[in-house]
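Just so it is clear, none of the values below were taken in a lab; they were calculated from the coordinates. Since the model is a prediction, treat every value here as computed from it, not as a measurement. Reconstructed Cβ throughout: ideal geometry from the backbone, glycine too, with neighbour counts over all protein chains shown.
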Amino acid sequence: MFGLKSTGRKAALTAMVALCALISHQARAEYPERPIRIVVPFAPGGAADTSARLLSGPLADALKQPVVVENRAGAGGSIGIAQAAKTAPDGYTLLITSNAYVINSLLDKQQLYDPMKDFNFITEINASPNLVVANPKTGITSFADLLKRAKSDQTPLFYATAGVGTPSHLAGELIKIRTGVNIQHVAYSGAGPATMAVLGTDVPLAISSLSVVLAQVNAGALIGIVQTGDKPWPGLEKVPTVIDAKIKDGTSDVFQAFLAPVGTPKPILDRLEKEMLAILATPDMKEKMLQAGFVVTAQGADALRKRVLGDIAKYKEVIDKAGISAR
């Protein structure tokens, strides 16, 4: 009898010790318990890098852990994205990337990652339109002028971009598909050289992310012809959007998004989404993003998933119809 009572007490004690150990482990393992790394799959200074660095400080304050930005450039972003996809899905390695995330998955022959299967969506951070610009010496001051010139000339109007398969290139081909306008792409080695080409009249037009050419437009060195977003950029209300120009289904922009490797626990995803949306809602962050050339969009995981699916369909159509080759 005594032996049975002793055995029962030992079992109860063992269970209590196990429960205490479990509670202690859960307390220790509350996310986050160590520094967090944000992978940016581009070189320092770009849009995704700027967004990540603006957000890293406030996110560190919210999570009470250091947040480190790590640049892993290569293959237009594909290398860093693929590496992030292969990390442990524990919330300690995250990704901030542009919509090159979508475009690369459609153009890369190696298919280094799947945009819908390899990541969990957290938030869309911001967006900025592309801008079609002209050198004033061309005499093109509006989209109507551009259409008239393109229709009257036997030779196409050439437009410069930062390279084949870039968001600005696909924006140009989307406008071409939707309107039938006779424009021809000329790829440069980056946004800077493309801008210099139109400033120097090597080509009459350029299409670029707004942040790259905004200063030249404001200074009168270039003329804004049409914005590819659905709303006018603050301060550029006189430059029509593609909607104003009656270009049906012609909107496109460059967005930045926050993602985690697939399999990241939902409580962690929910926490990150909540904190990020709260940070993006502050007037200070909105102003900092605007000064950097972005409008805060602050959409959650479900909206970001919808956006990515829409961009996959849109850019697949452009790539197929424009005959843009996989690289």
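What distance in nm separates the simple spin-label points at A187 and D202, each placed 7 Å from Cα in the Cβ direction?
1.5 nm
Using 1/(1 + (r/R0)^6) with R0 = 35 angstrom and r between the beta carbons of V164 and D270, what's the FRET efficiency to the nearest 0.05?
Values: r = 39 Å, r/R0 = 1.11.
Rounded to the nearest 0.05, the efficiency is 0.35.
At 7 Å along Cα-to-Cβ for each site, give me the label-to-label distance between A322 and A60 in nm.
Calculated label separation equals 3.9 nm.
Once you place label points 7 Å from the Cα toward the Cβ at R34 and E237, how far apart are they in nm?
Output for this residue pair reads 5.3 nm.
Return the long-range amide H neighbours of V254 (sequence gap of 5 or more, or a different chain), with a cut-off of under 5 Å between placed amide H atoms.
Answer set, sorted by chain and number: S128, N130.
Would you look at the GNM of the chain, springs on alpha carbons closer than 10 Å, and say which of A75, A162, A260 moves the most?
Of the options given, A75 has the highest mean-square fluctuation.
Taking +1 at the Cβ of each Lys and Arg and -1 at the Cβ of each Asp and Glu, which of V203, A73, W233 sits farthest along the dipole of the chain towards its positive end, judged by Cα position relative to the Cα centre?
The residue sitting most towards the positive pole is A73.
Given +1 on the Cβ of Lys and Arg, -1 on the Cβ of Asp and Glu, and no further charges, what dipole in debye does region 120-264 carry about its Cα centre, rounded to the nearest 20?
Numbers: 10 positive and 10 negative charges, 74 e Å.
About 360 debye.
Run the dipole for the chain about the Cα centre, Lys and Arg Cβ at +1, Asp and Glu Cβ at -1, nothing else charged, and hand back the magnitude in debye, nearest 20.
660 debye
With r as the distance between the Cβ atoms of Q111 and Q154 and R0 = 51 Å, compute the FRET efficiency 1/(1 + (r/R0)^6) and round to 0.05.
Working: r = 41 Å, r/R0 = 0.79.
Using R0 = 51 Å, I get an efficiency of 0.80.
Which of the DSSP-defined H helices in the chain satisfy a minimum axial length of 30 Å, computed from C-alpha atoms, and a minimum mean Kyte-Doolittle hydropathy of -0.5?
On the way: long enough: 2-28 (39 Å, 0.54); 301-322 (31 Å, -0.37).
Counting only whole DSSP H runs, the qualifying helices are 2-28, 301-322.
In region 26-116, which GluC sites (Glu not before Pro) fall in coil by DSSP and have 13 or fewer other Cβ atoms within 10 Å?
Values: sites: E30, E33, E70; in loops: E30, E33.
For GluC sites (Glu not before Pro) across region 26-116 that sit outside H, G, I, E and B with at most 13 neighbouring Cβ atoms in 10 Å, the list reads E30, E33.
Using 25 Å as the Cα-Cα cut-off, could you pick out the over-long pairs in K288/K314; K274/K306; K137/K238; K86/K288?
On the way: K288/K314 30 Å; K274/K306 18 Å; K137/K238 20 Å; K86/K288 32 Å.
From the list (K288/K314; K274/K306; K137/K238; K86/K288), the Cα-Cα distance tops 25 Å for K288/K314; K86/K288.
Multiplying the sequence separation of K248 and K306 by 0.36 nm and subtracting their Cα-Cα distance, what value in nm do you get?
18.9 nm
Among DSSP beta bridges lying fully in the chain, give the percent that are antiparallel, nearest 5. Intermediate results must be reported in sequence, preceding the final value.
Working: 25 of 41 bridges.
Restricted to the chain, the bridges split so that about 60 percent are antiparallel.
Give me the extension gain from L290 to D230: residue separation times 0.36 nm, minus the current Cα-Cα distance, reported in nm with one decimal. Walk me through the numbers on the way to the answer.
On the way: separation 60, 0.36 × 60 = 21.60 nm, distance 1.67 nm.
Difference between extended and current length: 19.9 nm.
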